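Any read-out appearing in this document is the output of simple, stated calculations on the displayed coordinates, not a laboratory observation. This is a predicted model, so every value here is computed, not measured. Cβ: placed from backbone, ideal geometry, glycine included. Neighbour counts: every protein chain shown.
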Amino acid sequence: MNRPSRAGLALGLAAGVPVMLIGIIGLVQHMDASPPSSFLKFFVGSDVVHDAVIAPIAGVVGFLVVRRLPAAVRGPVRGALFGSAVVIAVTWPALRGYGRMRAPDNKTVQPLNYATAVATAVAVVWAVCALWLALVLIRERRRRVAALRR
């Protein structure tokens, strides 16, 4: 009987618990800046939005990618979709202009065009995907040619 290794759990706990403690300590240290009810709204709201909107969309997109694309190209496309989602999630506050809302008369707050920066970053993600796809397709073709020669 094979027993699962607990090394992954130990590594995850060793890395994750200190990071969570840093977050909790930072939250407690900054309680004077924002009322606890705003933290509660943020955490509960984020959880509801994730479970009701983001996870179902990711599930449907993942299902469609797995169902419609050939097996050889699924990895690069899923990687590019994930990379695009991460770029958009990280840059969402800048795209929405949340900093400008806090200081509307301060022209130095978010002075750049963040939409073009995000579009450029997503384009780089998909360019890397295209290179990855080209390598995968070349490798697949070489395998087929080698199999035909045998």
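Quick notes on this structure:
- Each of (1) 1.09; (2) 1.16; (3) 1.50 is a candidate for Cα Rg over 2.2 N^0.38 Å; the one calculated from this structure is (3).
- Within the shell defined by Cβ-Cβ distances under 11 Å, the residues around Val65 carry a net charge of +4, with Lys and Arg each +1 and Asp and Glu each -1.
- Förster radius 35 Å - calculated FRET efficiency between Ala147 and Ser46, Cβ distance, rounded to 0.05: 0.10
- By the Kirkwood approach, averaging reciprocal distances over each pair of separate Cα atoms, segment 69-149 gets a hydrodynamic radius of 15.2 Å.
- Its relative contact order, with pairs defined as Cα atoms under 8 Å and 6+ residues apart, puts segment 69-149 at 45 percent.
- The Cα atoms of segment 1-61 give a gyration tensor whose axes a ≥ b ≥ c have a/c of 1.5 or more with a/b no greater than b/c, which makes the shape oblate.
- Within the shell of other residues whose beta carbon sits under 11 angstrom from the beta carbon of Tyr114, the net charge comes to +2, with Lys and Arg scored +1 and Asp and Glu -1.
- Mean separation of Cα contacts under 8 Å (6+ apart) over length of segment 1-124, as relative contact order %: 15
- Residue-averaged [θ]222 nm for the chain, counting only DSSP H segments that reach four residues, each worth -39500 (n - 2.57): -27000 deg cm²/dmol
- Using a Förster distance of 25 Å, the FRET efficiency for Ala7-Val128 (Cβ separation, nearest 0.05): 0.20
- Using the Karplus relation 6.51 cos²θ - 1.76 cosθ + 1.60 with θ = phi - 60°, the per-residue 3J(HN,Hα) values for segment 104-112 come to x, 8, 9, 6, 7, 7, 6, x, 9 Hz, with x marking Gly and Pro.
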